[in-house]
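Any read-out appearing in this document is the output of simple, stated calculations on the displayed coordinates, not a laboratory observation. Owing to the predicted nature of the structure, the values given are computational and were not obtained by experimental measurement. Cβ placement follows ideal geometry from the backbone for every residue including glycine, while neighbour counts extend to all protein chains displayed.
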Amino acid sequence: MVILDSTTLMLFFQPNAAPSTNPETKKPIEKCYERIELLINSLSKARVRVMIPTPVLAEILVAVGKDKAKILDEINGSSAFKVQSFDQNAAIEVALLTDADLQSGKRLKSPETKAKVKFDRQIIAIAKVNGVKTIYSDDIGLGKTARSNGISVIETRNLPLPQLPPQGELPL
């Protein structure tokens, strides 16, 4: 099982969503939808389910506006996806993730940053308690924390592009 964070899953459900920016080139990543569609198709063929933590689902539903029912129908109607709640075990894991920062005296600057960190930690905690080893995400902060907790992170820019159809022959 793998997790797709909202930064990648949004691009699947809303192909016209603004693509993530490549941190090296500072330009939008090309063909994000195609990359993520290929990923989900490949995972489905390999029978690897995509876990959607409830904090990710909340972020997506807030972002899609009136398309909430359509997105929920797609998620609930597909065996490729599994929505995973933030439960008691995940709550304990978030507390453990937070303990290290509290002990080191690390401070967050703004309430918005605090809320984002809480969401990121919930996603990572859900991954950890469910044995997920890979998260697909373009979120730098989430990626850093996930990696420091033994979870591999794959960014959209590192996903393969679908193969182009072979060029047909021209009648001469």
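What to note about this one:
- Placing dummy labels 7 Å off each Cα toward the beta-carbon, the span from Asn76 to Ala58 is 1.9 nm.
- With both labels modelled 7 Å from their Cα along Cα-to-Cβ, the Met1 to Glu37 distance reads 2.8 nm.
- Going from the fewest other Cβ atoms within 10 Å to the most, the residues Arg47, Arg121, Arg157, Arg147 appear in the order Arg47, Arg147, Arg157, Arg121.
- What the Cβ-Cβ distance of Asn149 and Asn16 gives, at R0 = 35 Å and to the nearest 0.05, is a FRET efficiency of 0.60.
- Residue separation of Arg47 and Thr25 scaled by 0.36 nm, minus their Cα-Cα distance, works out to 4.5 nm of gained length.
- Protection proxy ranking of 48-55, 66-73, by the mean of other Cβ atoms within 10 Å over each peptide's residues and highest first, is 48-55, 66-73.
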